[in-house]
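Please read the structure below before turning to the comments.
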Amino acid sequence: MKKWKLTLIIALLATVNTLFSQEVTTLASIESNYGDGMIITPEGDILVSGGFNKTNILKITLEGEVTEHVTGLLGPVGMGFDSDGNLYVSNYTGNTISKVTPEGTITEFASDLDGPAGLIVTENDEILVTLFGANFSGTGSTVLKFDLEGNSEIYASGNGILDAIGITVDENQDLFITNFVGGNVIKVDTAQNIETIATVAGAQINQIVYSNEYVYIPSPNLRMIYRVNTGDGSVEHFAGSGGSSTTDGELLEAEFNFPNSCTVNEAGDTLYVLDGQVGLIRAIDLETLGLNDSENTIGVKLFSNPQNDSITIQATLINAQKYTVSVYDTAGQLVKTAEGSIQNGNLQSILSTSTWSKGVYVVKIKIGETVVNRKFVKQ
């Protein structure tokens, strides 16, 4: 039996017996086999860069209207805005960075780069670019930093960075970088210390984004969305069943055909995913969902142990005395039950999964008068 690991962090906004779930929806359709990078404009629209074999960038409004935003580029990939609204674009095929003013004027900002891929602009107007390696060599192992005058320096290199594309930054100005092959998630702190904090096993990773303590990672080959907790490095299968269709629905039931990029709106409550080969812009509501009892919020977590033979259910700040847990398979058959008392507002229940078959299960957690239902996948 293959090893499996499950980390599902569930946040629910509910009153008694009421559950609000997160779902994948489709916002817009663009041309198929299009797109590499994504970013939100200062006005709140979505930009999608064409990729190595395209010359343009598309704009998608939140109403789903698609227009051409920039043309005349040489393989646009990564994008970032400075504080004046100027757009910087890494051109992988041209080995350059372009600057696009709010009025649409395009100038060459940097040239002779070794396959520039991911690009971000920090709150301090520093431009950081990952170098994948020109001509699809995948030998790039460097992150460059530019100031707005075009002066550059090596910001990070080596120490696990190789064929790097994905790059994002948190509120502390720590960077997170992903290699295209191998699934490594690498942190570069403000002191420029480099550390691999997580690995998404078997994943190819293109563009990524940070939001509210998580790095969101679409994997085109696994057809799933993962997220990594930047505090403890835990990896969570966040969305996508692994199927190759484009079905909308609940997070782990929805299907992505080729999710290869993502971005988060300024409010941090919506994740947009580019399903590139089929030309769809998908959306996931990230608004913090919690289980409220008067002034307290309950956080419910499910995760596996290192031996992969059990799952642990935890919750804190609970205004209840007892809980019950029931697990059902997709045929509706009861697989496991557990019950117990809540001690000092804390719930912990450990369920053995060693005899369970691979597949989808529903965990029904009853805490006092509130019922929470969630699905997970044993792989």
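Data overview
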item	result
Rounded to whole Hz, the Karplus (6.51, -1.76, 1.60) HN-Hα couplings of the range 151-158, x for glycine and proline	6, 10, 8, 6, 8, 8, 7, x
Among 133-140, 354-361, the order from most to least packed when residues are scored by Cβ within 10 Å on average	133-140, 354-361
Placed amide H near GLY78: partners under 5 Å, 5+ positions off or other chain	SER90, LEU119
Nearest-20 debye value, the range 149-283 charge dipole, Cβ charges on Lys, Arg, Asp, Glu	440
Whether the range 81-182 is rounded, prolate or oblate, judged on the alpha carbon gyration tensor where a/c under 1.5 counts as rounded	oblate
Under 12 Å, Cβ to Cβ, from ILE194 - net charge with Lys/Arg +1 and Asp/Glu -1	-2
Karplus-derived 3J(HN,Hα), 6.51/-1.76/1.60, for each residue of the range 22-32, Hz, glycine and proline x	8, 9, 9, 10, 10, 8, 7, 10, 10, 5, 6
Long-range amide H partners of ALA156 with built H, under 5 Å	VAL143
Cut-off under 5 Å, modelled amide H: who pairs with PHE258 long-range	GLY276, GLN277, VAL278
Ranked packing of 206-219, 68-81, most packed first, by mean Cβ within 10 Å	206-219, 68-81
For the range 132-138, 3J(HN,Hα) per residue [Karplus equation, 6.51 cos²θ - 1.76 cosθ + 1.60, θ = phi - 60°, Hz, x = Gly/Pro]	7, x, 5, 6, 6, 5, x
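Every number in this text was worked out from the coordinates using simple rules, so none of it is lab data. Computed from a predicted structure; not experimentally measured. Note that each Cβ is placed from the backbone with ideal geometry, even for glycine, and that neighbours are counted across all protein chains shown.
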